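Reviewing the structure listed below.
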Amino acid sequence: MDEETKQKYLEAGKIASEALAFARKNLKPGIPLFELAESVEQRIIEQGGGLAFPVNLSANNFAAHDTPFPGDTRVLGEHDLLKVDVGVQVDGYIADCAFSYSHDSSHGKLIAASKAGLDAAILAIAPGVASRTVGKAISDAITSFGFNPVVNLCGHSLDKYTVHAGEEVPNVPHGSYTFKEGDVFAVEPFATDGEGVVRDHSECQIFRIGEGKSRLAASRQLVKNAEKYHGLPFCRRWLSRDFPSIHYDLAISDLVRCGGLEDYYPLAEKSGKLVSQAENTLIVSAGGCIPSVKLPG
Ligand code: MN
Ligand code: MN
(Lines give C-alpha, C1' and ligand atoms only; values in the text may rest on other atoms or scores of the structure.)
(Ligands and ions follow the chains in the order given, each with its own letter.)
Protein backbone atom coordinates (compact mmCIF):
# COMPACT_ATOMS: atom_id res chain seq x y z
CA MET A 1 0.00 0.00 0.00
CA ASP A 2 1.42 3.41 -0.90
CA GLU A 3 1.70 6.13 1.72
CA GLU A 4 -1.03 8.32 0.15
CA THR A 5 -3.57 5.46 0.27
CA LYS A 6 -2.63 4.68 3.88
CA GLN A 7 -3.11 8.33 4.86
CA LYS A 8 -6.60 8.32 3.30
CA TYR A 9 -7.58 5.18 5.25
CA LEU A 10 -6.28 6.84 8.43
CA GLU A 11 -8.11 10.10 7.65
CA ALA A 12 -11.38 8.15 7.15
CA GLY A 13 -10.68 6.46 10.49
CA LYS A 14 -10.13 9.79 12.21
CA ILE A 15 -13.42 11.20 10.91
CA ALA A 16 -15.22 7.99 11.88
CA SER A 17 -13.73 8.15 15.41
CA GLU A 18 -15.12 11.65 15.83
CA ALA A 19 -18.53 10.58 14.45
CA LEU A 20 -18.74 7.67 16.90
CA ALA A 21 -17.72 9.94 19.80
CA PHE A 22 -20.43 12.40 18.72
CA ALA A 23 -23.02 9.59 18.60
CA ARG A 24 -21.92 8.28 22.00
CA LYS A 25 -22.22 11.75 23.56
CA ASN A 26 -25.79 12.14 22.25
CA LEU A 27 -27.05 8.68 23.16
CA LYS A 28 -29.62 8.60 25.93
CA PRO A 29 -33.04 7.04 26.41
CA GLY A 30 -35.67 8.99 24.49
CA ILE A 31 -33.43 10.14 21.62
CA PRO A 32 -35.22 9.81 18.25
CA LEU A 33 -33.24 7.39 16.05
CA PHE A 34 -34.03 9.37 12.89
CA GLU A 35 -32.39 12.51 14.33
CA LEU A 36 -29.45 10.52 15.60
CA ALA A 37 -28.74 8.96 12.19
CA GLU A 38 -29.09 12.27 10.33
CA SER A 39 -26.91 14.20 12.80
CA VAL A 40 -24.12 11.61 12.73
CA GLU A 41 -24.14 11.58 8.92
CA GLN A 42 -24.09 15.40 8.92
CA ARG A 43 -21.13 15.35 11.29
CA ILE A 44 -19.17 13.12 8.88
CA ILE A 45 -19.87 15.40 5.93
CA GLU A 46 -18.97 18.55 7.92
CA GLN A 47 -15.55 17.04 8.58
CA GLY A 48 -14.94 16.47 4.88
CA GLY A 49 -15.73 12.76 4.84
CA GLY A 50 -18.06 10.92 2.51
CA LEU A 51 -20.64 8.38 3.68
CA ALA A 52 -19.54 4.82 2.86
CA PHE A 53 -23.07 3.64 3.79
CA PRO A 54 -26.04 4.94 5.81
CA VAL A 55 -25.52 5.03 9.58
CA ASN A 56 -26.84 1.68 10.80
CA LEU A 57 -28.83 1.84 14.05
CA SER A 58 -29.84 -1.71 14.96
CA ALA A 59 -31.57 -2.36 18.28
CA ASN A 60 -31.79 -5.44 20.51
CA ASN A 61 -32.21 -8.65 18.44
CA PHE A 62 -31.35 -6.73 15.25
CA ALA A 63 -27.64 -7.24 14.60
CA ALA A 64 -27.10 -5.00 11.57
CA HIS A 65 -28.47 -3.23 8.48
CA ASP A 66 -31.29 -1.36 10.15
CA THR A 67 -31.43 2.39 9.54
CA PRO A 68 -34.26 4.85 10.20
CA PHE A 69 -36.83 5.04 7.41
CA PRO A 70 -38.57 8.22 6.16
CA GLY A 71 -41.02 9.30 8.86
CA ASP A 72 -39.51 6.89 11.42
CA THR A 73 -40.65 7.86 14.95
CA ARG A 74 -38.72 5.22 16.90
CA VAL A 75 -36.90 6.46 20.01
CA LEU A 76 -34.23 4.71 22.07
CA GLY A 77 -35.75 2.88 25.03
CA GLU A 78 -34.24 2.68 28.50
CA HIS A 79 -33.49 -1.04 28.15
CA ASP A 80 -32.59 -1.11 24.45
CA LEU A 81 -29.22 -2.39 23.29
CA LEU A 82 -28.25 -0.29 20.26
CA LYS A 83 -25.50 -0.97 17.70
CA VAL A 84 -24.20 2.24 16.05
CA ASP A 85 -22.35 1.30 12.84
CA VAL A 86 -20.73 4.06 10.81
CA GLY A 87 -19.00 4.07 7.40
CA VAL A 88 -16.77 6.94 6.26
CA GLN A 89 -14.89 7.20 3.00
CA VAL A 90 -12.11 9.55 1.88
CA ASP A 91 -11.64 9.32 -1.90
CA GLY A 92 -13.20 5.84 -1.64
CA TYR A 93 -10.95 4.57 1.19
CA ILE A 94 -13.24 3.34 3.92
CA ALA A 95 -13.42 3.20 7.70
CA ASP A 96 -16.17 0.81 8.87
CA CYS A 97 -16.68 0.79 12.64
CA ALA A 98 -19.27 0.22 15.33
CA PHE A 99 -19.94 0.16 19.04
CA SER A 100 -22.84 -0.99 21.22
CA TYR A 101 -24.66 1.05 23.82
CA SER A 102 -27.32 0.53 26.45
CA HIS A 103 -28.48 2.74 29.29
CA ASP A 104 -29.33 -0.53 31.09
CA SER A 105 -26.15 -1.76 32.80
CA SER A 106 -27.44 -5.35 32.80
CA HIS A 107 -26.36 -5.48 29.12
CA GLY A 108 -22.79 -4.49 30.02
CA LYS A 109 -21.43 -8.04 29.96
CA LEU A 110 -22.84 -8.76 26.49
CA ILE A 111 -21.39 -5.48 25.20
CA ALA A 112 -18.02 -6.33 26.76
CA ALA A 113 -18.03 -9.77 25.06
CA SER A 114 -18.08 -8.44 21.48
CA LYS A 115 -15.48 -5.80 22.42
CA ALA A 116 -13.25 -8.56 23.86
CA GLY A 117 -13.69 -10.47 20.59
CA LEU A 118 -12.52 -7.43 18.64
CA ASP A 119 -9.54 -6.85 20.96
CA ALA A 120 -8.54 -10.52 20.56
CA ALA A 121 -8.73 -10.21 16.75
CA ILE A 122 -6.57 -7.06 16.75
CA LEU A 123 -3.93 -8.89 18.81
CA ALA A 124 -4.06 -11.93 16.51
CA ILE A 125 -4.01 -10.33 13.05
CA ALA A 126 -0.61 -10.06 11.34
CA PRO A 127 0.84 -10.99 7.96
CA GLY A 128 0.96 -14.79 7.61
CA VAL A 129 -1.83 -15.43 10.15
CA ALA A 130 -4.82 -17.50 8.96
CA SER A 131 -8.38 -16.13 9.17
CA ARG A 132 -9.34 -19.37 10.96
CA THR A 133 -6.92 -18.53 13.80
CA VAL A 134 -8.48 -15.07 14.15
CA GLY A 135 -11.98 -16.58 14.11
CA LYS A 136 -10.94 -18.89 16.94
CA ALA A 137 -9.55 -15.97 18.98
CA ILE A 138 -12.86 -14.09 18.52
CA SER A 139 -14.98 -17.12 19.34
CA ASP A 140 -12.91 -18.02 22.44
CA ALA A 141 -13.15 -14.45 23.76
CA ILE A 142 -16.93 -14.34 23.34
CA THR A 143 -17.62 -17.79 24.77
CA SER A 144 -15.41 -16.97 27.80
CA PHE A 145 -18.12 -14.43 28.73
CA GLY A 146 -20.77 -17.14 28.46
CA PHE A 147 -22.19 -15.92 25.11
CA ASN A 148 -22.25 -17.18 21.52
CA PRO A 149 -20.64 -15.56 18.48
CA VAL A 150 -22.95 -14.92 15.52
CA VAL A 151 -21.77 -17.53 13.02
CA ASN A 152 -23.26 -16.12 9.81
CA LEU A 153 -21.88 -12.59 10.08
CA CYS A 154 -18.25 -11.98 9.14
CA GLY A 155 -15.62 -9.29 9.01
CA HIS A 156 -14.66 -8.41 5.45
CA SER A 157 -11.86 -7.03 3.32
CA LEU A 158 -12.24 -3.42 2.14
CA ASP A 159 -11.20 -1.85 -1.13
CA LYS A 160 -11.65 1.49 -2.86
CA TYR A 161 -15.41 2.26 -2.92
CA THR A 162 -16.03 -1.39 -1.94
CA VAL A 163 -17.31 -2.34 1.53
CA HIS A 164 -17.28 -6.10 0.96
CA ALA A 165 -14.22 -6.78 -1.18
CA GLY A 166 -14.39 -10.59 -1.16
CA GLU A 167 -12.33 -11.97 1.74
CA GLU A 168 -13.89 -12.73 5.13
CA VAL A 169 -12.94 -12.90 8.80
CA PRO A 170 -15.39 -15.24 10.50
CA ASN A 171 -16.36 -14.97 14.16
CA VAL A 172 -15.74 -18.73 14.55
CA PRO A 173 -12.75 -20.97 13.59
CA HIS A 174 -13.51 -21.14 9.89
CA GLY A 175 -12.14 -19.84 6.58
CA SER A 176 -8.93 -20.25 4.62
CA TYR A 177 -7.54 -16.77 4.01
CA THR A 178 -4.01 -15.82 5.10
CA PHE A 179 -3.49 -12.13 5.93
CA LYS A 180 -0.81 -10.19 4.09
CA GLU A 181 0.79 -6.79 4.54
CA GLY A 182 -1.30 -3.99 3.02
CA ASP A 183 -4.64 -5.77 3.48
CA VAL A 184 -7.44 -3.70 4.96
CA PHE A 185 -10.19 -5.52 6.87
CA ALA A 186 -13.21 -4.49 8.88
CA VAL A 187 -13.42 -6.93 11.78
CA GLU A 188 -16.78 -7.13 13.56
CA PRO A 189 -17.46 -9.68 16.26
CA PHE A 190 -21.13 -10.07 17.22
CA ALA A 191 -22.04 -11.67 20.56
CA THR A 192 -25.48 -12.96 21.54
CA ASP A 193 -27.30 -14.72 24.36
CA GLY A 194 -29.24 -16.53 21.61
CA GLU A 195 -28.34 -19.23 19.08
CA GLY A 196 -25.95 -17.09 17.08
CA VAL A 197 -27.67 -17.10 13.71
CA VAL A 198 -29.19 -14.07 11.99
CA ARG A 199 -31.71 -13.91 9.16
CA ASP A 200 -33.44 -11.27 7.01
CA HIS A 201 -36.26 -9.50 8.83
CA SER A 202 -38.67 -6.55 8.30
CA GLU A 203 -38.74 -4.09 5.42
CA CYS A 204 -35.51 -3.54 3.53
CA GLN A 205 -33.99 -0.04 3.89
CA ILE A 206 -30.50 -0.38 2.45
CA PHE A 207 -29.65 -1.02 -1.22
CA ARG A 208 -26.78 -0.92 -3.65
CA ILE A 209 -26.81 -0.61 -7.43
CA GLY A 210 -26.57 -4.02 -9.11
CA GLU A 211 -25.96 -5.29 -12.63
CA GLY A 212 -29.58 -5.61 -13.84
CA LYS A 213 -31.13 -2.98 -16.13
CA SER A 214 -34.67 -1.61 -16.25
CA ARG A 215 -36.45 0.52 -18.86
CA LEU A 216 -38.96 1.92 -16.38
CA ALA A 217 -38.55 5.73 -16.21
CA ALA A 218 -38.72 5.87 -12.39
CA SER A 219 -36.06 3.17 -12.13
CA ARG A 220 -33.74 4.82 -14.63
CA GLN A 221 -34.06 8.10 -12.72
CA LEU A 222 -33.21 6.36 -9.45
CA VAL A 223 -30.16 4.66 -10.97
CA LYS A 224 -28.97 7.94 -12.52
CA ASN A 225 -29.46 9.76 -9.20
CA ALA A 226 -27.54 7.01 -7.34
CA GLU A 227 -24.36 7.67 -9.35
CA LYS A 228 -23.39 10.10 -6.59
CA TYR A 229 -23.06 7.14 -4.20
CA HIS A 230 -20.17 5.65 -6.25
CA GLY A 231 -21.65 2.14 -6.08
CA LEU A 232 -21.79 2.29 -2.27
CA PRO A 233 -24.97 1.48 -0.28
CA PHE A 234 -27.75 4.02 0.23
CA CYS A 235 -31.18 3.96 1.92
CA ARG A 236 -34.83 4.98 1.52
CA ARG A 237 -34.22 7.89 3.94
CA TRP A 238 -31.68 9.36 1.51
CA LEU A 239 -33.88 8.71 -1.53
CA SER A 240 -36.75 10.54 0.19
CA ARG A 241 -34.76 13.79 -0.15
CA ASP A 242 -34.78 13.50 -3.95
CA PHE A 243 -38.03 11.67 -4.79
CA PRO A 244 -41.60 11.32 -3.52
CA SER A 245 -42.08 7.95 -1.80
CA ILE A 246 -44.52 6.68 -4.46
CA HIS A 247 -41.73 7.16 -7.02
CA TYR A 248 -38.88 5.42 -5.18
CA ASP A 249 -41.07 2.61 -3.78
CA LEU A 250 -42.04 1.70 -7.35
CA ALA A 251 -38.47 1.98 -8.63
CA ILE A 252 -37.09 -0.12 -5.74
CA SER A 253 -39.57 -2.98 -6.32
CA ASP A 254 -38.86 -2.92 -10.03
CA LEU A 255 -35.07 -2.77 -9.67
CA VAL A 256 -34.88 -5.46 -6.99
CA ARG A 257 -36.92 -7.72 -9.30
CA CYS A 258 -34.58 -7.26 -12.29
CA GLY A 259 -31.31 -7.29 -10.31
CA GLY A 260 -30.76 -3.55 -10.74
CA LEU A 261 -30.60 -3.24 -6.96
CA GLU A 262 -29.07 -5.51 -4.35
CA ASP A 263 -30.96 -5.43 -1.07
CA TYR A 264 -29.49 -5.55 2.43
CA TYR A 265 -32.32 -6.55 4.77
CA PRO A 266 -32.16 -5.82 8.48
CA LEU A 267 -30.58 -8.91 10.08
CA ALA A 268 -32.25 -10.20 13.23
CA GLU A 269 -31.12 -12.95 15.60
CA LYS A 270 -33.16 -16.05 14.79
CA SER A 271 -34.21 -16.84 18.37
CA GLY A 272 -35.08 -13.16 19.04
CA LYS A 273 -32.30 -12.71 21.60
CA LEU A 274 -29.99 -9.73 22.11
CA VAL A 275 -26.93 -9.06 19.95
CA SER A 276 -23.94 -6.79 20.63
CA GLN A 277 -21.30 -5.70 18.10
CA ALA A 278 -17.88 -4.06 18.09
CA GLU A 279 -16.10 -3.19 14.83
CA ASN A 280 -12.89 -1.55 13.72
CA THR A 281 -10.99 -1.18 10.45
CA LEU A 282 -7.51 -2.70 10.49
CA ILE A 283 -4.56 -2.06 8.18
CA VAL A 284 -2.39 -5.18 8.16
CA SER A 285 1.22 -4.07 8.64
CA ALA A 286 4.60 -5.67 9.38
CA GLY A 287 4.24 -7.67 12.60
CA GLY A 288 0.59 -6.83 13.25
CA CYS A 289 -2.19 -4.45 12.29
CA ILE A 290 -3.13 -0.80 12.79
CA PRO A 291 -6.71 0.02 13.85
CA SER A 292 -7.80 3.15 11.96
CA VAL A 293 -10.61 4.02 14.38
CA LYS A 294 -10.70 4.91 18.07
CA LEU A 295 -13.89 3.43 19.49
CA PRO A 296 -15.75 5.25 22.30
CA GLY A 297 -14.66 4.00 25.75
MN1 MN B 1 -20.02 -1.85 9.95
MN1 MN C 1 -18.50 -4.12 8.39
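Summary table
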| quantity | calculated |
| --- | --- |
| Positive-pole candidate from 124, 175, 32, dipole of the chain, charges at beta carbon | 32 |
| Amide H within-cut-off set for residue 64, under 5 Å, with H built and near neighbours excluded | 267 |
| Cβ crowding within 10 Å averaged over residues, with 239-250, 57-68, 139-150, 121-132 ranked highest first | 57-68, 139-150, 121-132, 239-250 |
| Packing-based ranking, highest mean first, of 206-212, 49-55 given that Cβ atoms within 10 Å are counted | 49-55, 206-212 |
| Extension reserve of the residue 220-residue 38 stretch, reckoned as 0.36 nm per residue once the Cα distance is removed | 62.9 nm |
| Distance in nm between pseudo-label sites at residue 176 and residue 104 (7 Å out along the Cβ direction from Cα) | 4.3 |
| Theoretical ellipticity at 222 nm over the chain - DSSP helices of four or more residues, -39500 (n - 2.57) apiece, nearest 500 | -10000 deg cm²/dmol |
| Portion, in percent, of the accessible area of the chain that falls on carbon or sulfur, probe 1.4 Å | 51 |
| Once the Cα gyration tensor of the chain is diagonalised, semi-axes √(5λ) in Å | 29, 23, 19 |
| J(HN,Hα) series, the range 12-18, from Karplus relation 6.51 cos²θ - 1.76 cosθ + 1.60, nearest Hz, glycine and proline x | 4, x, 5, 5, 5, 4, 5 |
| Residue-wise HN-Hα coupling along the range 176-183, computed from phi with Karplus coefficients 6.51, -1.76, 1.60 (Hz; x: Gly, Pro) | 9, 7, 10, 5, 9, 4, x, 5 |
| Distance in nm between pseudo-label sites at residue 143 and residue 253 (7 Å out along the Cβ direction from Cα) | 4.7 |
| Beta bridge orientation in the chain: antiparallel %, DSSP, nearest 5 | 100 |
| Contour excess over end-to-end distance, with Cα ends at residue 211 and residue 263 and 0.36 nm allotted per residue | 17.5 nm |
| Span from the the range 37-99 Cα centroid across to the the range 152-206 one, whole angstrom | 17 |
| Estimated translational D of the range 1-67 in µm²/s (Stokes, Kirkwood radius over Cα pairs; 37 °C; 0.692 mPa s) | 250 |
| The chain - percent relative contact order, Cα under 8 Å, separation 6 or more | 24 |
| Out-of-range pairs (alpha-carbon distance over 26 Å; input 6/109; 25/160; 109/294) | 6/109; 25/160 |
| Solvent-accessible area per residue for the chain (1.4 angstrom probe, square angstrom) | 42 |
| Among 277-284, 231-238, the order from most to least packed when residues are scored by Cβ within 10 Å on average | 277-284, 231-238 |
| Distance cut-off 18 Å, percentage of C-alpha pairs in the range 206-264 lying past it | 17 |
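The values are calculated or read from the model by the stated rules, or taken from the named source; none is laboratory data. Because the structure is a prediction, the values reported are computed rather than measured. Every residue, glycine as well, gets a Cβ built from its backbone with ideal geometry; the counts of neighbours run over all protein chains shown. With ligands, DNA and RNA removed, areas are computed over all heavy atoms of the protein, side chains included. Shrake-Rupley method; radii C 1.70, N 1.55, O 1.52, S 1.80 Å.
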